[in-house]
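To start, the structure under review is shown below, and the notes come after it.
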Amino acid sequence: MARSPSPSIFRPKQGVDQSVMDENRKLVRDINRRNLLRGTLSLGALTMLTGCTVSDTDTVQSFLRTISAFNDKVQEAIFRPHHLAPTYREDQVVKPPRFNAYYDVEDVKPVDGASWKLELAGLIQDKRPWTAQQIYQLPEEELIVRHICVEGWDYIGQWSGVNLGQFLKRIGADTTAKYVSFKCADDYTETLDMATALHPQTILATKYAREPITDPFGFPLRLRSATKLGFKNAKWITAMEVTNTFIPTFWSKQGFNWFAGI
């Protein structure tokens, strides 16, 4: 088999300490090729599922972070921009939706819809902010898709809102740019690759089960992508930026897979 003419950019410069493999042999045996491509090997995901640090050694952490970065690149390369996620019947919808955040529902700080505005930045021609009422007047699309959390639970939800790809075109965004980043009222940050932002099942949701989204679930505007894990779906969005520079996200800073596709 032909070898690459240059070292992989994903290979650690100092090599991998083989004792890491000895200490984690069982874990490595359990990882098959399909799971790697689908993104199940993630330092952040392993940490969340176990509720503790995967390892206390810097070598193990570095090894897993390298695999996680490789995993993101593979997922991005095999993403099919026009492949649709499964959809479901209306009688399967869970009401209300399940709350998820990095804090408890009691700590949610209500957003004032009357003063709320969506600020725009970056590679966008028309950067005028949008009010909630202006967004509500735009054509809506509805998705009944499965929300899948990295913690292992899921539910079927019914979301309505503005198609993100159409909104980007409306504001004159450069859709050849690499990323669309979001800031939220609770200081949460998230970034989508442009292919996912333009996917037909990615919307800026304003309703759940055809009723306005309430405070615990992202009022007045949240992201809903059918092709991403739950934590990618930013809530209480206050700003959006189109950029060619990756803006680290709340969870990517802590080692979680960035692409997080399903």
I'd like the residue in the stretch 238-260 that is modelled with pLDDT under 95 and outside any loop (DSSP other than H, G, I, E, B) and, out of all such residues, is surrounded by the most Cβ atoms within 10 Å (Cβ to Cβ). SER252
Residues of the stretch 199-232 being in contact with a helix residue (DSSP H, G or I) (Cβ under 8 Å, 6 or more places away or on another chain) and either under 22 Å from GLY172 (Cβ atoms) or among the polar types (S, T, N, Q) (or both), which ones? HIS199, PRO200, THR202, ILE203, LEU204, THR206, LEU221, LEU223, SER225, THR227
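When you look at LYS235, is it among the basic types (Lys, Arg), surrounded by fewer than 20 Cβ atoms within 10 Å (Cβ to Cβ) and out of contact with any helix residue (DSSP H, G or I) (no Cβ under 6 Å at 6 or more places or on another chain), yes or no?
Numbers: among the basic types (Lys, Arg): yes; surrounded by fewer than 20 Cβ atoms within 10 Å (Cβ to Cβ): no; out of contact with any helix residue (DSSP H, G or I) (no Cβ under 6 Å at 6 or more places or on another chain): yes.
Here the answer is no, as LYS235 does not meet what is asked.
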Does ASN233 meet the test of being in contact with a Lys or Arg (Cβ under 6 Å, 6 or more places away or on another chain) and at pLDDT 95 or above? yes
Within the stretch 124-198, strands (runs of 3 or more DSSP E) holding 3 or more residues that are open to solvent by 50 Å² or more (accessible area, probe 1.4 Å), in contact (Cβ under 8 Å) with a residue 40 or more places away in the chain and within 26 Å of ALA101 (Cα to Cα): 141-148
Taking the stretch 99-123 and keeping only residues that are open to solvent by less than 90 Å² (accessible area, probe 1.4 Å), hydrophobic (A, V, I, L, M, F, W, C) and either assigned to a strand (DSSP E or B) or free of Cβ contacts under 8 Å to residues at least 24 places away in the same chain (or both), one is left with LEU118, LEU120, ALA121
Within the stretch 83-98, restricting to residues that are surrounded by 12 or more Cβ atoms within 10 Å (Cβ to Cβ) and within 30 Å of LYS178 (Cα to Cα), the one that is modelled with the highest pLDDT is THR87
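Can you pull out the residues in the stretch 207-232 that are part of a strand (DSSP E or B), open to solvent by 10 Å² or more (accessible area, probe 1.4 Å) and not basic (Lys, Arg)? Break it down into steps so the answer makes sense when it comes.
Initially, the stretch 207-232 is screened for residues part of a strand (DSSP E or B), giving 207-208, 211-212, 222-225, 228.
Keeping just the survivors that are open to solvent by 10 Å² or more (accessible area, probe 1.4 Å) gives 207-208, 211-212.
Within the stretch 207-232, TYR208, GLU211, PRO212 qualify.
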Suppose we filter the stretch 64-82 for residues that are open to solvent by 90 Å² or more (accessible area, probe 1.4 Å) and modelled with pLDDT of 70 or more; how many remain? 2
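Answer yes or no as to whether TYR179 is among the aromatic types (Phe, Trp, Tyr), touching a Ser or Thr at 6+ places or on another chain (Cβ under 9 Å), modelled with pLDDT of 95 or more and over 16 Å from GLY122 (Cβ atoms).
Values: among the aromatic types (Phe, Trp, Tyr): yes; touching a Ser or Thr at 6+ places or on another chain (Cβ under 9 Å): yes; modelled with pLDDT of 95 or more: yes; over 16 Å from GLY122 (Cβ atoms): no.
When the stated conditions are applied, TYR179 does not pass them.
For every residue, the table says whether it meets (1) under 13 Å from ARG224 (Cβ atoms); (2) out of contact with any Lys or Arg (no Cβ under 8 Å at 6 or more places or on another chain).
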| residue | (1), (2) |
| --- | --- |
| THR131 | no, no |
| ILE144 | yes, no |
| HIS147 | yes, no |
| GLY152 | no, yes |
| ILE156 | yes, no |
| TRP159 | yes, no |
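The values are calculated or read from the model by the stated rules, or taken from the named source; none is laboratory data. As the structure is a prediction and not an experimental result, all values here were calculated from the model. So basically every Cβ, Gly included, is an ideal-geometry build from the backbone, and we count neighbours across all protein chains shown. The area values use the complete protein model at the heavy-atom level, side chains included, leaving out ligands, DNA and RNA. Shrake-Rupley method; radii C 1.70, N 1.55, O 1.52, S 1.80 Å.
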